[in-house]
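Engineer: Following this message is one structure expressed as structure tokens.
The values are calculated or read from the model by the stated rules, or taken from the named source; none is laboratory data. Note that the coordinates shown come from a computational prediction; the quantities given were computed from them, not determined experimentally. Note that each Cβ is placed from the backbone with ideal geometry, even for glycine, and that neighbours are counted across all protein chains shown.
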Amino acid sequence: MTGAAETGEPRPADVAVIGAGVVGTAITRALAVRDVSCVLIDAANDVGTGTSKANTAILHTGFDTVPGSLESRLLRRGYELLGEYARGAGIPVERTGALLVAWTPEQAAELPAIEDKARRNGVTDVYPIGADELYRREPALGPGALGALVIPGESIICPWTTPLAYATQALAAGARLRLRSRVTGIRARAMEHQVVTDTGVVRCRWVVNAAGLHSDAVDAMMGGDRFTICPRRGELIVFDKLARPLLSSILLPVPTARTKGVLVAPTVYGNVLLGPTAEDVPDPADVATTAAGLASLLDAGHRILPGLAAEEVTATYAGLRAATADRDYQIWVDGSRRYACVAGIRSTGLSASLGIAEYVTGLLADAGLRLAGRAEPDPPVMPYIGQAGIRPYQDAARIAADPEYGAIVCHCERVTRGEIRDALAGPLPPADIDALRRRTRVLNGRCQGFYCAATVAQLFAGSRLPAYAAAPAEQSPAAESPA
Ligand SMILES: Cc1cc2nc3c(=O)[nH]c(=O)nc-3n(C[C@H](O)[C@H](O)[C@H](O)COP(=O)(O)OP(=O)(O)OC[C@H]3O[C@@H](n4cnc5c(N)ncnc54)[C@H](O)[C@@H]3O)c2cc1C
């Protein structure tokens, strides 16, 4: 427990959500729109900077989850909810479908069982195709594929806009966001909890633990010891946009008990993604890529799509799955302690996020948290940063009304001064240039910022951000002062 100063807030929040990843922001959104007063706390300087920014960005149907598991149920529900939400919010989604490819007779023999599993998970539109049809659909596929299972619902989605949309809506509904505040202890009391952070104490009635890779540590602060997070690192390679014509669907391997395996997928930014690896690592901060990991990916990628060998790599990164000894999600609510644990959201949390939030909200209500019965409000309209739709630089009417949308700053990604200006002045402004990248795609392209970094830095420095960036940020519509 730290000796941090008390905030002196007059009234405790109803709920403090620890962790502003895609899961924590989704839960905060779901509670805030039901008139629950929430504080969303994160150690980082932005929402969605943990595993939520470093995944494979697939909107999973849940076809290959364990039938009857909580993950299967919430993923199925989350898939439907997020598809609908994304349409309203302008979160980029492309309905590419997936082909689960069998490369050996043993894998081909597994396809009927995977099809049956998909049906038991409620994903009923899957069907097998033979090698001829597979190569007709994906002519650049490497030699030797024997057939595939088509999963039409698998899609690609923007992992950055999703938590930003949830947080934006939560803020608009009155939630407070407290960034750069690491939770170091929790004083669990009969009437209220005191969440101790390194920037002060947050008083609340209920605690929601959505701390991802650190959810076991936060659970221990509430006296729990039911699970341990074993980080499982996944390294990925991003290929340049010139590789995009090599495939039209997500190309999946036959999964193993341990991992979904190495896939090749388009991204909503127009790139091609190869990965992830699966390696247990002791350090929950170890997001380094390794020569061996990347070499193994290239080896697999060149077999799946030989044309990748001639394509340039734009970026590499790694994310950590919050794995536990139990394969399923670790979600429960303890009404007597006014505590919700939302952990072990390993490989599917982006897709399941709204299903998880709906489920947790229901459990909290059953345990005594009062929710207003309001109808679900429309999502906020987010800046569109996908490749498939119309971006501002392509929108003549928009440029005529505001020429800043015609002034391209980042030429690789076609990001305009108008979009950067909007992001800097938005309801959840970026605290650094990487956060600006997740809002606009600026610096995300093949030149790695060689041509535009100086201009972007200048625009960033000229914004009102230095003051905001310097303050330990608790952000709310009323611009509360930090503790
Ligand atoms: C390689 C890889 C590929 C994946 N691919 C997909 C995919 O294609 N589709 C899909 O749906 N899912 C995918 N996932 C899973 C998905 O990314 C995760 O399930 C999801 O991001 C988990 O979100 P979260 O909010 O639980 O965790 P996080 O995003 O990690 O958020 C937890 C937050 O808690 C904060 N925090 C932790 N401890 C503290 C503390 N003490 N005080 C304050 N803040 C704290 C952290 O700063 C962090 O921001 C993938 C994951 C990996 C690793």
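Engineer: If I go through the range 15-38 residue by residue, how many of them are touching a Gly at 6+ places or on another chain (Cβ under 8 Å), more than 6 Å from the ligand (Cβ to nearest atom), in a helix (DSSP H, G or I) and closer than 24 Å to ALA285 by Cβ?
Structural biologist: 1
Engineer: Let me ask another. Considering every residue within the range 353-371, establish whether at least one is more than 28 Å from ARG34 (Cβ to Cβ) and among the polar types (S, T, N, Q).
Structural biologist: So far as the range 353-371 goes, no, none of its residues is more than 28 Å from ARG34 (Cβ to Cβ) and among the polar types (S, T, N, Q).
Engineer: Please name all residue pairs, on different chains or six or more residues apart, with Cβ atoms under 8 Å, provided the first residue is in the range 125-143 and is assigned by TED's automatic domain parsing to the domain that holds ILE304 and the second residue is among the aromatic types (Phe, Trp, Tyr).
Structural biologist: Filtered contacts from the range 125-143: VAL126/PHE63; LEU141/TYR135.
Engineer: Just the residues that are among the small types (Gly, Ala, Ser) and over 19 Å from SER249 (Cα atoms), please, taken from the range 109-140.
Structural biologist: First, the residues of the range 109-140 that are among the small types (Gly, Ala, Ser): 109, 113, 118, 122, 130-131, 140.
ALA109, ALA113, GLY122 - these are the residues of the range 109-140 that are among the small types (Gly, Ala, Ser) and over 19 Å from SER249 (Cα atoms).
Engineer: For the range 411-431, how many residues are touching a helix residue (DSSP H, G or I) at 6+ places or on another chain (Cβ under 7 Å) and of a type outside the set (Val, Ile, Thr)?
Structural biologist: Total meeting the criteria: 12.
Engineer: Moving on to the next point. Consider LEU236 carefully, then state whether it is crowded, with 23+ Cβ neighbours inside 10 Å and either within 12 Å of the ligand (Cβ to nearest atom) or at pLDDT below 95 (or both).
Structural biologist: Yes; evaluated as a whole, the condition is true for this residue.
Engineer: Another one. State which residue is farthest from GLY83 (Cα to Cα) when the search covers only the range 319-368 and only residues that are within 12 Å of the ligand (Cβ to nearest atom), part of a helix (DSSP H, G or I) and polar (S, T, N, Q).
Structural biologist: SER353
Engineer: Just checking, which of ASP198, ASP225 is more than 22 Å from the chain's Cα centre (by Cα) and free of Cβ contacts under 8 Å to residues at least 12 places away in the same chain?
Structural biologist: Of ASP198, ASP225, the one residue that is more than 22 Å from the chain's Cα centre (by Cα) and free of Cβ contacts under 8 Å to residues at least 12 places away in the same chain is ASP225.
Engineer: Would you mind stating whether ARG189 is over 20 Å from the mean Cα position of the chain (by Cα), free of Cβ contacts under 8 Å to residues at least 12 places away in the same chain and either away from the ligand (no atom under 12 Å from the Cβ) or within 21 Å of ILE385 (Cβ to Cβ) (or both)?
Structural biologist: yes
Engineer: For the list (1) closer than 26 Å to GLU94 by Cα; (2) within 6 Å of the ligand (Cβ to nearest atom), I need the number of the one condition that ILE41 fails.
Structural biologist: Of the numbered conditions (1) closer than 26 Å to GLU94 by Cα; (2) within 6 Å of the ligand (Cβ to nearest atom), the odd one out for ILE41 is (1).
Engineer: Regarding the range 369-383, can at least one residue be identified that is modelled with pLDDT of 95 or more, within 16 Å of the ligand (Cβ to nearest atom) and surrounded by fewer than 19 Cβ atoms within 10 Å (Cβ to Cβ)?
Structural biologist: Within the range 369-383, not a single residue is modelled with pLDDT of 95 or more, within 16 Å of the ligand (Cβ to nearest atom) and surrounded by fewer than 19 Cβ atoms within 10 Å (Cβ to Cβ).
Engineer: With the structure loaded, tell me whether VAL207 is aliphatic (A, V, I, L, M), within 11 Å of the ligand (Cβ to nearest atom) and crowded, with 21+ Cβ neighbours inside 10 Å or whether it fails that test. Please lay out each step first, then the result.
Structural biologist: Working: aliphatic (A, V, I, L, M): yes; within 11 Å of the ligand (Cβ to nearest atom): no; crowded, with 21+ Cβ neighbours inside 10 Å: yes.
When the stated conditions are applied, VAL207 does not pass them.
Engineer: OK, next. Looking at the range 22-69, which of its residues are farther than 17 Å from GLY319 by Cα and among the polar types (S, T, N, Q)?
Structural biologist: THR25, THR28, SER37, ASN45, THR61, THR65, SER69
Engineer: Which one of GLY88, GLY78, GLY83, GLY48 is within 30 Å of VAL195 (Cα to Cα), of a type in the set (Gly, Ala, Ser) and part of a helix (DSSP H, G or I)? Full working, then the answer.
Structural biologist: Numbers: GLY88 fails: within 30 Å of VAL195 (Cα to Cα); GLY83 fails: within 30 Å of VAL195 (Cα to Cα); GLY48 fails: part of a helix (DSSP H, G or I).
Unique residue meeting the criteria: GLY78.
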